[in-house]
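Structure record follows, encoded as structure tokens.
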Amino acid sequence: MITMMDREIEILLEKKIYSNKNELLREAYRSLLRSKPYLKIEAAVELYSRGEISLSKAAEIAGMNLEELKDELKERDITIKVPAQPIEEIDRSVNYILKGKG
């Protein structure tokens, strides 16, 4: 059964207002996120908690700064993951800092 929404989409595509259904859906999604910004936070937090994006990318998606996002994660009892660095990389960083102070 074709719904009225399906017909409206067909008409928008027929009239070449959108070149394809994916373009229409992307625009609809962007409009949804503009009208309900909390959905960006939900998506960003979930992607971060699954390990699919970094903390800084999650903050960017959510439209928050890092501290705001950290507070949001803390409220939700989501652990902030600190990426492991090889000891050699840490030693290079420390040596670089110490040389700059000397």
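The values are calculated or read from the model by the stated rules, or taken from the named source; none is laboratory data. Remember, it's a predicted structure, so these values are computed and weren't measured experimentally. Backbone-built Cβ (ideal geometry, glycine too); neighbour counts: all protein chains shown.
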Only one residue in ARG50, ARG34 is within 30 Å of GLU10 (Cα to Cα), among the charged types (D, E, K, R), out of contact with any Ser or Thr (no Cβ under 8 Å at 6 or more places or on another chain) and loosely packed, with under 13 Cβ neighbours inside 10 Å. Which one?
ARG34
With criteria (1) modelled with pLDDT under 95; (2) more than 12 Å from the chain's Cα centre (by Cα); (3) of a type outside the set (Phe, Trp, Tyr), ILE78 comes up short on (1)
Every listed condition ((1) touching a residue at least 24 places away in the same chain (Cβ under 8 Å); (2) closer than 14 Å to ILE78 by Cα) holds for PRO37 save (2)
Residues in region 82-92: is at least one at pLDDT 85 or above and in a loop (DSSP other than H, G, I, E, B)?
no
Checking the structure you have, find out if any residue of region 73-81 is in contact with a Leu (Cβ under 8 Å, 6 or more places away or on another chain) and among the charged types (D, E, K, R).
yes
Residue under question is ILE2, and the condition is that it be at pLDDT 95 or above and not aromatic (Phe, Trp, Tyr); does it hold?
no
Write out, first by first residue and then by second, each pair whose Cβ atoms fall under 7 Å of each other, whose residues are 6+ apart or on separate chains, and whose first residue, in region 54-71, is on the phi > 0 side of the Ramachandran plot and surrounded by 13 or more Cβ atoms within 10 Å (Cβ to Cβ) while the second is modelled with pLDDT of 95 or more and part of a helix (DSSP H, G or I).
GLY63/LYS40
